[in-house]
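Asker: Below you'll find the structure I mean.
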Amino acid sequence: MNYHTEVQRLRSQLAAPVDPAEFEILRAQPDARVIPLSRSRHVRGWHPVRPGHRSIAFESKLEAKLITCLAQLPELESIRSQPITVHYRCAGVRGRYTPDFLVELSEVPPELAQLGFGLRTYVEVKPLWRSIRSETMLVRKVAALRLACKCPVVLVTDWDLSPETPEVRHVA
């Protein structure tokens, strides 16, 4: 499997135009979801960003790694975790979706523009294998969010984050 090709294919699926008539946006609730306590092997916690910016909740090491990368960008204005929950109906089936982050930038660096970022972007963070396995559902959820919020939604996978990026280590 060519991972680069798979990520690009999946991103084009997520960014493809959708027929608004296929979706009914029932409601969009800001800050509706709170990350639950970890009851298994998942790593959850709060990640410091920089002075003057509050710490950000995360649900996985991959999310923490993305926050670490974004915090290094001088263009970063803010990051919000679990920023909105969109309730929708598609093909008669109700669904809901909460993206991992909302990222706001003063300008878009080229490396983020390649991923599809805009000045204000919702971000979903998933390992590539999990994204591929849930592709149909992910495409539907991202389409509903794009219709409800009218801004880009970007998938960031483990293959997008540089292996040189240091992992966040929390000291007890």
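Readers should treat all values here as calculations from the given coordinates under stated rules, not as data from a laboratory. All of these numbers come straight from a predicted model, not from anything done at the bench. Backbone-built Cβ (ideal geometry, glycine too); neighbour counts: all protein chains shown.
Asker: Can you check what the net charge comes to around Val156, using other residues whose Cβ is under 12 Å from the Cβ of Val156 (Lys, Arg +1; Asp, Glu -1)?
Answerer: With Lys, Arg at +1 and Asp, Glu at -1, the neighbours total -3.
Asker: In what sequence do Thr5, Thr85, Thr157 fall when counting other Cβ within 10 Å, fewest first?
Answerer: Fewest-to-most Cβ neighbours within 10 Å comes out as Thr5, Thr85, Thr157.
Asker: Provide the gained length on full extension for the span Arg133 to Gln72, in nm with one decimal, where the gain is 0.36 nm per separating residue minus the Cα-Cα distance.
Answerer: 18.8 nm
Asker: Going by the alpha-carbon gyration tensor, a ≥ b ≥ c the square roots of its eigenvalues, is the stretch 92-149 rounded (a/c under 1.5) or, if a/c is not under 1.5, prolate (a/b greater than b/c) versus oblate?
Answerer: oblate
Asker: Is there a quick way to get the dipole size of the stretch 95-159? I mean about its Cα centre, with the Cβ of Lys and Arg at +1 and of Asp and Glu at -1; what is the value in debye to the nearest 20?
Answerer: The calculation lands at about 420 debye.
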